[in-house]
Amino acid sequence: MKRLFFTVLLLPSLLLAQHTIKGTFSPAKEYNFALLYKVNPTMSDYVTNAEIGEDGSFEFKLDSTNTKGTYRLVYAVPQEDYNFDIIYNGKEDIELVFNSETGVEFKKSNENKLLASYTNSMSMVTQSIGNYFSQESKDTMALKAIFKTQKETQESFEKLAKNTRALAFIKANKPYIPKKIVDVNTYINYLKKHYFDYVDFNDSILQSSNFLEERMLNYVFGMSSGSKDELENYKENIDVVYSQMKMAPEEVQRILLFDLWQQMADLKHESVSNYIAENYLMDVAVNLNDQELLQSLILYQNLSKGTVAPDFDVEIKEKDKVITKKLTELKGAENYVIVFWSSTCSHCLDEVPQLQKFVNSLEENKVQVVAIGLEDEPYGWKNLTYDYPEFIHVYGEGKWDNEIGDAYGVTSTPTYFVLDKDKKIVVKPLDFDVLKEYFETK
């Protein structure tokens, strides 16, 4: 009984046994809070948060429920852009310094310092190789020495990292090292060919980090082909990346492919985003029964430049009669501007009069405006429409729950689309100033 009693007393202290992750952010005034997440292959679990002091200091206390793995420290929003990963092995405290320009430096934690040291060492060797080729040096002995250093550095760090989580990252990052002297073009071609030789997309440690994402993006955006234009080169690289990840769980594929899709969408490379969706991501969404993702991909595709805008009914006057036509049936204008607005939107009440004045300054039949009022009730909207007799007005009943607004993915007002005479989308201006600039420079 006495032994059992002491065991019961000991359990809380075992649970509370702590390690810490602490450090300093600089410049301190730029940071307020830090969030900590445990990274898993398909999601991140919130762990805790800490206030960042006036001197930039913070501290997370980890108890025995915080198991070893990769943790992600988020220090600003959007979270996906402002974060860095930390290896926690459950055995040591971690101390770091983060600077907005130089990044993270680990002051305490053998495993994180080891990985950082490896990254820096290999980066310096890579820079030496780049310098050699850029200077068009003919000193083959010097190149042999650089490759020898690269090989020995890789082997040394693999040995040092034995029985650590860092080993997975070090081995996966192992570069192509020629066994004989090659010219720069041959070297680059072999780098591309062997880029994924040591990357295992099924490795749970790699999945529970940003390594696979960074490796993927570096290949897609960094490996060029002189015989193809930029967008075609991206597509070719995406095919290679998918061939490497296709045996990974589809949940992992979804995360990586969606991130790549989003990168291309942010860069306005719509044809590449749609290539990813059509060839890979839609199939993954269907297999996972991810209807939300599937509908988002379809919506993006439907609103891409060069596609015919989603159709809807409009009422127009012809020979003193009000008749109903489809948007695609309208004729007579060189361009059509669709503007989603609202009588209760202050930005709209500022921009729509500017739109009217600008369109009226253009030559006749240059632009026809189709104004869709997203409204909860029609009365205020109807009164305002009389101020814009040149526009074709459409009542968008239900405001944010409106069929036309949904078809155009509208989440705010005003939202603009510019169509050509065939009702194909040619540009999606962010605001009136961008719309005006488009026509002025056309």
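FYI, it's all coordinate maths here, none of it is from the lab. These numbers come from a predicted model, not from an experiment. Don't worry about glycine lacking a Cβ; one is built from the backbone with ideal geometry, like all the others, and counts go over all protein chains shown.
Under the simplified labelling scheme, the LYS162-SER225 pair shows an inter-label distance of 4.2 nm, with each label point 7 Å from Cα along Cα→Cβ.
Among GLU278, GLU334, GLU111, the residue with the largest mean-square fluctuation in a Gaussian network model of the chain, with springs joining Cα atoms closer than 10 Å, is GLU334.
Expressed as a whole percent, the proportion of Cα-Cα pairs in the chain lying more than 29 Å apart is 63%.
Beta-bridge orientation, the chain: approximately 70 percent antiparallel, per DSSP, counting only bridges with both partners inside.
Over the range 152-208, the Kirkwood radius and the radius of gyration, each from Cα atoms, give a ratio Rg/Rh of 1.05.
Quick check: from the Cα gyration tensor, does the range 75-165 come out rounded (a/c under 1.5), prolate or oblate? It is oblate, given that a/c is not under 1.5 and a/b is not larger than b/c. Put simply, the range 112-302 fits an ellipsoid with semi-axes of 34, 22, 12 Å; these come from the alpha carbon gyration tensor as the roots of five times its eigenvalues, largest first. Taking 0.36 nm per residue of separation and subtracting the current Cα-Cα distance, fully stretching the chain between GLU152 and ASP376 would add 73.7 nm. Taking the Cα centre of the chain as reference, the dipole from Cβ charges on Lys and Arg (+1) and Asp and Glu (-1) amounts to some 2200 debye. Couplings 3J(HN,Hα) for the range 240-255, derived from phi with the Karplus relation 6.51 cos²θ - 1.76 cosθ + 1.60 (θ = phi - 60°), are 5, 4, 5, 4, 7, 9, 5, 8, 6, x, 5, 5, 6, 4, 4, 4 Hz, where x marks Gly and Pro. Radius of gyration (Cα atoms) of the range 18-108, expressed as a multiple of 2.2 N^0.38 Å: 1.01. I need the shape label for the range 123-231. Rule: rounded when a/c is under 1.5, else prolate if a/b > b/c, else oblate, with a, b, c from the alpha carbon gyration tensor. Oblate, because a/c is 1.5 or more while a/b does not exceed b/c. On full extension, the segment bounded by SER346 and ASP197 gains 48.0 nm, given 0.36 nm per residue less the C-alpha separation. Note on the chain: with a GNM built from Cα contacts shorter than 10 Å, the maximum mean-square fluctuation among SER209, SER57, SER137 falls on SER137. Highest mobility in the GNM of the chain, judged by mean-square fluctuation with C-alpha springs under 10 Å and restricted to ASN274, ASN99, ASN302, is found for ASN99. What shape does the range 313-441 have by the C-alpha gyration tensor, where a ≥ b ≥ c are the square roots of the eigenvalues, rounded means a/c under 1.5, and otherwise prolate means a/b greater than b/c and oblate the rest? Here the range 313-441 falls in the rounded category. Computed over neighbours whose Cβ is under 11 Å from that of ASP93, the net charge equals +2, Lys and Arg +1, Asp and Glu -1.
For the range 159-179, the residues whose backbone nitrogen is under 16 Å from a point 7 Å from the Cα of LYS91, taken along Cα to Cβ, are 159-168.
Mean residue ellipticity at 222 nm, helices only, the chain: -13500 deg cm²/dmol; runs of at least 4 DSSP H residues each add -39,500 (n - 2.57), and the sum is divided by the number of residues.
Each Lys or Arg adds one and each Asp or Glu subtracts one; over the other residues with Cβ under 12 Å from the Cβ of LYS268, this totals 0. Excluding THR24 itself, calculate the net charge of residues whose Cβ lies under 11 Å from the Cβ of THR24, where each Lys or Arg counts +1 and each Asp or Glu counts -1. With Lys, Arg at +1 and Asp, Glu at -1, the net is -2.
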